[in-house]
Amino acid sequence: MDLASLTQTWTYPTKIHFSCGSSKKIGVFCEEAEILKPLVVVDQQLIKNNLINPIINSLITYKIPFELFAEFEENPTDESVSNGLKSFRKNNHDGLIAIGGGSTIDLAKAIAFMDAQSRPIFDFEDRFDWWRRANSKGIRRVIAIPTTAGTGSEVGRAAVIKDTKDLRKKLVFHPNMLPVIAILDAELTIGLPKQITAATGIDALVHNLESYLAPGYHPIADGVALEGLKLIKNNIEKAFQNGDNLNARCAMLVGSTMGAIAFQKGLGGIHALSHPIGSLLNSHHGLTNAILLRYVLAYNYTEVLEQLACIARYLNLEGGEPKSLVEWLINLLETLEMPNKLSSLGVDETHIPELTKMAINDQAAASNPRPLEASIVSSIYNDALQGKFKL
Ligand SMILES: [Zn+2]
């Protein structure tokens, strides 16, 4: 199917406009979302390479007054949220447009959420039912335009924000943080460098995979995850080998959105072990997942044989067995030139006790198919450090 020529609007779990070039019609979408004066939260890189120009031109054509907010860290912190909130309030904005990777979209969602709150941001960390502490009225609307195919933050109800006090990345959650409109315009992902295409694509793959393997009865998420995996399997290498392949870019963007829809069911050990490395060493999230994938899968393997076989059959992998899937994944990681040892991220043995402590308390650990106790987690970290992989 020629995805690049399609124009589709889906309404689950939010309004999703899927069409190449659709971001140039942002003025129409602002009217649809009833945002009259947006604050545009945007990656600095997109301003530098002029990728944002057609979007800005549309706002000008539609006579929509706006300001840009681009001064924030790559991994947004509570301070980035406060600064964004100051800009938002100073100019009396009434909503936000987020253009960029997952962290930019997360930042915009956090600003929109915090405009209605009087308590500090980490009072709303995704623990127990802390989100009920929030004032849910007055949370601002966000239109999300992803420029990478990875996190799926455009359809998520949470934001990853780094705490400047303890340097940990924390998940802030509220159901109303879900953007009102997500715009999937694959033209914006055309310029992504190869390594980012690979690492973000693997993140999207892992979201679908971990959701499918997470215990619990959630056939809706399972169905989404299987189809998301298929889209990524059929397109990730094409997008990596030829970044201009618009059809592959379209499929990757949808596969990434589907991963985030699926992981409402839960993630697992790959994310639980990856988050602490990202917090301590500022490593790229997708790249860290790519390294951990095989080691966590080796630990879970005997517990998820049936699910792995199901995926292998759905993806038409030769043999259709659990092993076929693992072999395909390892070959894929090699084709995408992903490293296979944590040492490549600067991790050494001295980091393992702290990483382990953080990983067992990570929210994603709870939905891993096998229990993740401290001794298990540190042995997985050790294996990933030394490249010791065995099924
Ligand atoms: Zn992820």
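The values are calculated or read from the model by the stated rules, or taken from the named source; none is laboratory data. Predicted, not measured: the structure shown is a model, and the values here were computed from it. In this analysis, Cβ positions are derived from the backbone assuming ideal geometry, glycine residues included, and neighbour counts consider all displayed protein chains.
Can you name every one of the strands (runs of 3 or more DSSP E) wholly within the stretch 153-236 that holds 3 or more residues which are assigned by TED's automatic domain parsing to the domain that holds LEU253 and in contact with a His (Cβ under 8 Å, 6 or more places away or on another chain)?
none
Evaluate the following for LEU246: is it away from the ligand (no atom under 15 Å from the Cβ), at pLDDT below 95, more than 18 Å from ALA365 (Cα to Cα) and assigned by TED's automatic domain parsing to the domain that holds ASP348? Reasoning before the result, please.
On the way: away from the ligand (no atom under 15 Å from the Cβ): yes; at pLDDT below 95: no; more than 18 Å from ALA365 (Cα to Cα): yes; assigned by TED's automatic domain parsing to the domain that holds ASP348: yes.
In short, no.
For (1) among the acidic types (Asp, Glu); (2) more than 17 Å from TYR212 (Cα to Cα); (3) in contact with a helix residue (DSSP H, G or I) (Cβ under 7 Å, 6 or more places away or on another chain), each residue gets a yes or a no:
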| residue | (1), (2), (3) |
| --- | --- |
| ASN300 | no, no, yes |
| GLU306 | yes, no, no |
| ILE311 | no, no, yes |
| TYR314 | no, no, yes |
| GLU318 | yes, yes, yes |
| PRO322 | no, no, yes |
| VAL326 | no, no, yes |
| GLU334 | yes, yes, no |
| MET338 | no, yes, yes |
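Give me the pairs, please: first residue somewhere in the stretch 266-289 and assigned by TED's automatic domain parsing to the domain that holds ASP362, second residue anywhere and basic (Lys, Arg) and within 13 Å of the ligand (Cβ to nearest atom), beta-carbon distance under 9 Å, and either six or more positions apart or on two chains.
From residues that are assigned by TED's automatic domain parsing to the domain that holds ASP362, the pairs are HIS275/LYS169; PRO276/LYS169; GLY278/LYS169; SER279/LYS169.
Return the residue satisfying two criteria in turn: it lies in the stretch 9-29 and is of a type in the set (A, V, I, L, M) and assigned to a helix (DSSP H, G or I), and of such residues it is nearest to MET258 (Cα to Cα).
Quick first cut of the stretch 9-29, residues of a type in the set (A, V, I, L, M) only: 16, 26, 28.
Cutting the leftovers down to assigned to a helix (DSSP H, G or I) gives us 26, 28.
Numbers: ILE26: 23, VAL28: 25 Å.
By that ranking, first place goes to ILE26.
Quick one: in the stretch 320-356, of everything that is charged (D, E, K, R) and touching a residue at least 40 places away in the same chain (Cβ under 8 Å), which residue is farthest from LEU308 (Cα to Cα)? Write out each step before concluding.
Initial filter on the stretch 320-356 (charged (D, E, K, R)): 321, 323, 327, 334, 337, 341, 348-349, 354.
Remaining after also requiring touching a residue at least 40 places away in the same chain (Cβ under 8 Å): 323, 337, 341, 354.
Working: LYS323: 8, GLU337: 24, LYS341: 24, GLU354: 31 Å.
My answer is GLU354.
Which numbered condition trips up LYS265, out of (1) in contact with a Ser or Thr (Cβ under 9 Å, 6 or more places away or on another chain); (2) closer than 22 Å to ALA199 by Cα; (3) within 16 Å of the ligand (Cβ to nearest atom)?
Of the numbered conditions (1) in contact with a Ser or Thr (Cβ under 9 Å, 6 or more places away or on another chain); (2) closer than 22 Å to ALA199 by Cα; (3) within 16 Å of the ligand (Cβ to nearest atom), the odd one out for LYS265 is (2).
Would you mind telling me which numbered condition in (1) within 26 Å of PHE113 (Cβ to Cβ); (2) more than 13 Å from the ligand (Cβ to nearest atom) GLY216 fails?
(1)
What number of residues in the stretch 169-203 are within 14 Å of HIS285 (Cα to Cα), of a type in the set (Val, Ile, Thr) and surrounded by fewer than 21 Cβ atoms within 10 Å (Cβ to Cβ)?
Summing the residues that are within 14 Å of HIS285 (Cα to Cα), of a type in the set (Val, Ile, Thr) and surrounded by fewer than 21 Cβ atoms within 10 Å (Cβ to Cβ) in the stretch 169-203 gives 1.
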